[in-house]
1. If you put +1 on each Lys and Arg Cβ and -1 on each Asp and Glu Cβ, how big is the dipole of chain A around its Cα centre, in Debye rounded to 20?
2. Relative contact order, percent, of region C:167-216 when contacts are C-alpha pairs under 8 Å separated by at least 6 residues?
3. Quick one: which residues, 5 or more positions from B:LEU116 or on another chain, have an amide H under 5 Å from its amide H? H modelled 1.01 Å from N in the peptide plane, none for Pro or chain starts.
4. What value does region E:21-71 have for Rg/Rh, both radii from Cα atoms and Rh as Kirkwood defines it?
5. Summing +1 for each Lys or Arg and -1 for each Asp or Glu, what net charge is found among the other residues whose Cβ lies under 13 Å from the Cβ of C:GLY205?
6. In nm, to one decimal, how far is the B:GLU49 label point from the C:ASP223 one, both placed 7 Å along Cα→Cβ?
7. Which whole-number value in Å³ per residue fits the convex hull of the alpha carbons of the protein assembly as shown?
8. Label position 7 Å from Cα toward Cβ: report the copy-to-copy distances for B:GLY89 in nm, one decimal, ordered from shortest.
Amino acid sequence: MPKKKTKSASMSTFLTNGRSMLLAYDQGLEHGPSTDFNDRNVDPSYIMEVATKGKFNGIVFQKGIAEKYFNGKVPLILKVNGKAALAKGEPMSRQNCSVEYAISLGAKAIGYTIYLGSAYEGEMFAEFGRIQEQAHKAGLPAIAWVYPRGAAIQNDTAKEIVSYAARTGLELGADAVKIKYTGDPQSFSWAVKSAGKSLVFMSGGPKAPTDEAFLAQVQGAIDAGATGLAVGRNVWQNEDPFKIADSLRRIIFAKKL
Amino acid sequence: MPKKKTKSASMSTFLTNGRSMLLAYDQGLEHGPSTDFNDRNVDPSYIMEVATKGKFNGIVFQKGIAEKYFNGKVPLILKVNGKAALAKGEPMSRQNCSVEYAISLGAKAIGYTIYLGSAYEGEMFAEFGRIQEQAHKAGLPAIAWVYPRGAAIQNDTAKEIVSYAARTGLELGADAVKIKYTGDPQSFSWAVKSAGKSLVFMSGGPKAPTDEAFLAQVQGAIDAGATGLAVGRNVWQNEDPFKIADSLRRIIFAKKL
Amino acid sequence: MPKKKTKSASMSTFLTNGRSMLLAYDQGLEHGPSTDFNDRNVDPSYIMEVATKGKFNGIVFQKGIAEKYFNGKVPLILKVNGKAALAKGEPMSRQNCSVEYAISLGAKAIGYTIYLGSAYEGEMFAEFGRIQEQAHKAGLPAIAWVYPRGAAIQNDTAKEIVSYAARTGLELGADAVKIKYTGDPQSFSWAVKSAGKSLVFMSGGPKAPTDEAFLAQVQGAIDAGATGLAVGRNVWQNEDPFKIADSLRRIIFAKKL
Amino acid sequence: MPKKKTKSASMSTFLTNGRSMLLAYDQGLEHGPSTDFNDRNVDPSYIMEVATKGKFNGIVFQKGIAEKYFNGKVPLILKVNGKAALAKGEPMSRQNCSVEYAISLGAKAIGYTIYLGSAYEGEMFAEFGRIQEQAHKAGLPAIAWVYPRGAAIQNDTAKEIVSYAARTGLELGADAVKIKYTGDPQSFSWAVKSAGKSLVFMSGGPKAPTDEAFLAQVQGAIDAGATGLAVGRNVWQNEDPFKIADSLRRIIFAKKL
Amino acid sequence: MPKKKTKSASMSTFLTNGRSMLLAYDQGLEHGPSTDFNDRNVDPSYIMEVATKGKFNGIVFQKGIAEKYFNGKVPLILKVNGKAALAKGEPMSRQNCSVEYAISLGAKAIGYTIYLGSAYEGEMFAEFGRIQEQAHKAGLPAIAWVYPRGAAIQNDTAKEIVSYAARTGLELGADAVKIKYTGDPQSFSWAVKSAGKSLVFMSGGPKAPTDEAFLAQVQGAIDAGATGLAVGRNVWQNEDPFKIADSLRRIIFAKKL
C-alpha cells in the first residue's frame, strides 16, 4: 500500500520520507512507575537520550516531563490529557495542559487520548474538538490516541473496533491516529483505509515476549499502510534500546530506499 | 401541498426551486466504517465525487472529513456534533466543532443532532440554542437532526413522535429539520405542518430492500410537503449511485417543471 | 383586593390599567403538536392573529416561533427555556435562548420556567438568576413560570405549594410570576400576598370542560388579587377564541371601569 | 471573653462597639411562606420597618426582596444563594445573584450558605471561594452561613460539629460566620475560638417556646464571645417584635456600657 | 543519595542548601478543630509564631488563615483547595482560592491536593493543570499534595502506591510533591526516584507515639533523598514545638555541614 500524503503540512515535522517512529513515554502517569519502570528508565533524562541518539522522529511526554527534561533535540508531542490506572469505572481522561502551554514547552504536535465507547466518550469528543481547533490555529497537528475501552467494548483489537477507532480520529479532525494492531496486515489495512488521510501509528503496547514477535507486528502494520509506530516499552524496557530501535527503523523506513 | 417559503434567505443556498437533495456522510462516526462502508465508499473522496457529479444540493460532513476532503464544489453542511455507536445508555451527542471553525472550513450551514426524549435532551437543547444563535449571527442557517431516542421512546416513526421532532426543530429555531419518515404521506404531512416554516428533510435511513421501496417513501414525503431528502446509504451503498440519484432528483424536483 | 403597583416600570408594557391578559403558545415544545394542536392552531400565524385581533397584552413564544412568525404588533415575552414531555425523571428545563438574542427578536420581557422541588431546582435558580440580571440590565422584566414538580411534590395546586411557588418568584427577583390556580379565591389570595410586589398571572392550564368553569376560575384569581391571566389552550383550542377572549377581558379588566 | 477585633474594616458597617444584631428574612425562600409567615410578616415592607425602627445593624434579604423593598436605611446583607425546602436529597444551595448585582442593589456585605458535610459541599466551597474574592475586591465582607447538613451529619448542634462549621468559615475566608448555638456557653466558646478572627453570629433558629428561653441562649452566645445574633423568626413572629428586639439589644450590647 | 537540583528557580525560596522544613496548618479545614486542636494551637497566631521563631522554610495556610494572620516573615504556601472530613464518598477537593488571589495574599507557592485513585481524580488533574500553568506564568512553583485515596486504594503507604503518587506529581508538572512515608528508606527512595526533578516532601501525618519514632521516619525520608518535610501535628501538637523543630532541623539540614 502506498504511503499516505497528508494535506496539512504540519505532520511533516515528524516524518522521514513519509514514515515515522515515535517514542512514547507517558506510562509513568498511565500505568505508574512500579508497573513499567526500572532504575534506568524511570529517569526521563535517559528516555530523552534514547530518543535523541536513537534518532526517533518524535517524543511523547506529559507536561511535567517536558517542562523539566525536554532538550529540544527531538520534535515534541505533548500529551495534554492523561489518567492514572488506579480508579475503576468508565474511563475518562481530562485535559491537564492547555494548548498554549504545550506550545510554550516546545510542542510541535498535541496528543490527546479518546476512550471510544466509554460512558464519557462525549466529553472527550468535545474536549478533543476544542483542542484540535486550538492546535490547528497555532499551526500544530493534533494526534489522537483512540482506545476503545469501557463496559461496551468486548475486544479492543477486533478489526471492527480498531477500524472504528481509526475512523473516529479522521472524523474528529485528527491529523494522525494512534491505534492498536489488529493482529494481521489484512484486517489492519481496513483500519488504515478507514482512517483516510489521517496518518496511522501503530501503538507499541506492552513488551512483547520476543523482539522477533514485536518486529513482525510492526512489519504487518507497515505492510498494511501505517505511517509508523509509536513505541515505548518495547524500546526502553529492552535491554538494548538502540539495537531494537535500529531494527524498527529498518522496517519502518524500508520503502524509502 | 405547496412548497414552503423560508423567511431566512440563507437556506436558499441549498434549494433548487424550493426543493433540495442533500448527501449525508457522517456514518463513519455514527455507525463505524465496518457497519456501513465498503472499499469504495469508505473513501470520502469518492463521496465528494458522488455529491459533485450527482448534483446534490449539499453535502453533510463531520469536521475532519470536511477539513481533509471538501472540494468547495457543493455547499457544505457541517455536522458540529456526533457520537459513536458503541456506548450504551441514554444518547448524548456533544459539540465537537465550533461554529467559527465550521465556517473556516467552508460551511454554508450548521448541522446538529438532538436526541429528543433522551435524559440528556436538555443539554442538547441548550447547546443547539447557542449554536443556532452563532450560526444566525454569521448568516448561516441551522439544521436540526431531531431523532427521538432513549428509554422514553417506544416507536420513533409514530406520527405523534415524528411530528413532535419536527415541531421541536421549529420551536428551537432550526431553519430546517431532518426527521424520519412516518411510513405514509398523510401522517407525514402532520409532521410537515408541525414544522411550520422550518423546512423538512426526510432522513434516508438504512439501505432499503429495493430502490422502488425507497423511491416510494421519498415520493410520499414530497407529497406530504417535505422540502427534500437527506440521503446517504441509499445512494452511496447503491451499486449505481448516480442512477438512484437521478431517480431521486426526478421525484424531488418534479413540481418545478 | 387592590391592584398591585410594580416598582419596575417595565412590566407596564404588558398592563392595561394594571391588569393583563397574555396569550401563551409554547405548548408545541412543552406538550408536542399532537397533544394540543389541530390543523388550525398548529400554525403560529393563526396564533399571532388571535393575539393581535384578540387584543392580548402580550404573546409568549419560544425563540423559533418568534423568529419566524412574530409580527411586532403585540408585546413579545420570549420563553428562554423549555423541555419536551417525553423524557421522564426529575424535570429540568435549560436555557436555549440568550437574553441578547431574545431582545434581537423583539422581546419586551424574558420568560423562564422553574420546576420548584425538582432535583434540578438549584440549576434553574442559578440560571434564572443570571437571566434576571441580564434582563434587568437591558431594561426588560423577568417573568418566572414557577411550577412545583417532581417526586417531592404531592399536590401542585395545594395552597402551601402554590404560595411557595409565588414566593419563590418574588425572592429570586421575578417581576411577575405565573402560577397555577389553587381552586378558590381565598387560598389563592395567600399566594398573591406571598408574591408581594411580583405580579401574579394565573396559568390557564388544560382546556376546561366548559367556558363557564374556566371563567369562574379566572374570576376567582382576579378577586384574589391576580394581575391577570396567561392563557393558551382555553383560548386557541376554543371553537371561538375571540368570543372567549372577550369574556376573559370583561373579567380581567372589570375593575378599571 | 473579650470582643473580637476584625482585621478587615468592612464588617464595621454592621457593628456597634464591636457587637451586632442582624435581622434575617430569607425564610420565604428557605422554608416557604406557609411555614413561617402570617398576614403581617409575609409583607417584606413590614420587615423593612421592623429592621429600621428596631435599630438592627443589618438586614438579610434575597435579591428579589432587596430589589423591590430595600429602603436603604439599614445596611443590607444580600444572601446570594438559596434553596427551597421541597426537594429531598443532599442539600445544595446555588448562587442566584452575582456580587456585582448585589452591590447594585445596595449590599454592604455578601451572604452565602454552605452545607458542611453535604455531598455537594465541594461545589459550595468553590462557589463561596469565588464570591469571597469578588466581595473583597469590591471592599465588601463575605458572611458565611455554615450549616452542617446531609446524611453525614448526626447532630448539627454538637460542639464538634458547630466548631467545625465555625472553623470552616475562617479557613475559607469568611469575615463572619453564622452558626447554630450549641446549647451552652462553654461549648460555644470553643466554636468562637475555632472561628478565630471571623466574627461569630448565633443563628436565631425557629421560634423558641418562650422569650426567656431565647434570651438565655443569646446571653450564652454573647458570654461565649459571639459578636452577635442573626435573628428572624424569634423577632418577626413575636407578637411584639420591638419589645423582644429591645431585650435582645440589652443583652448583645450590654458590655459596651 | 545526593540532593536534587530544581530546574525552576522558584522553589529556592523554600530551600536552605537544597533542603526544606515546612509547617503545615490546614488541619482546621481538613480534620476540624476538635480533632486536632487545643486551646493553644487552635489560634493561627500561635502557629505563625511557631513558624517564625522555629525558622521554618515555609508555612502552609488556607486562604482565610493567610488573609487574617499571615505576617510575611515566613514564605507562604497557599493551599488553594480543601475539603472537610464529614462527607463520605469518593474524595474530591475543589479549588476555593484563585492563583491571583493567593498571590495578593503574599503566596510564594501554590499548594493543591490531588486524591489519586478517587473517582474524581480527573477533575483534580484538570484543575491542578490550570493552576500549575497560572502559577508558573506568575513565577510561582506549584506543589502537589498527592494522596492516594478512595475505594480503589487498599494501602496508601505501599511502595507502589506512594511512588505512583510521586510520579503523578512529576508528570502533571508539580515542582514539589508531598507524599506519605512508605515506612523504610529503601522503598521511599523508589518514590523519590519516581518523582524525578520534582522535589519530595515527606508528609508529617498524625502525631507519632514518640518523638524518636517520628524523627526516625524523617531520617529515613532524608536518607532516601527527600528534600524535606511538611510537618504539622508532630510539631504544634508537641508539648515543646521548638525543641522538636530543632531536632527535625538537625536531621533535615545535616548534610549541609
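The values are calculated or read from the model by the stated rules, or taken from the named source; none is laboratory data. Since the structure is predicted, the reported quantities are computational estimates derived from the model, not experimental observations. Please note: Cβ atoms are built from the backbone with ideal geometry, for glycine as well, and neighbour counts cover all protein chains shown. Side chains are part of the model used for accessible areas, which takes the heavy atoms of the whole protein and leaves out ligands, DNA and RNA. Shrake-Rupley method; radii C 1.70, N 1.55, O 1.52, S 1.80 Å.
1. In debye, rounded to 20, chain A gives about 860.
2. With pairs under 8 Å counted, the relative contact order is 42 percent.
3. B:TYR147, B:ARG149
4. Ratio of gyration radius to Kirkwood radius for region E:21-71: 0.93.
5. Local net charge: +1.
6. A separation of 8.0 nm, rounded to one decimal place.
7. 161 Å³
8. Here B:GLY89 shows inter-copy label distances of 1.0, 1.0, 1.6, 1.6 nm.
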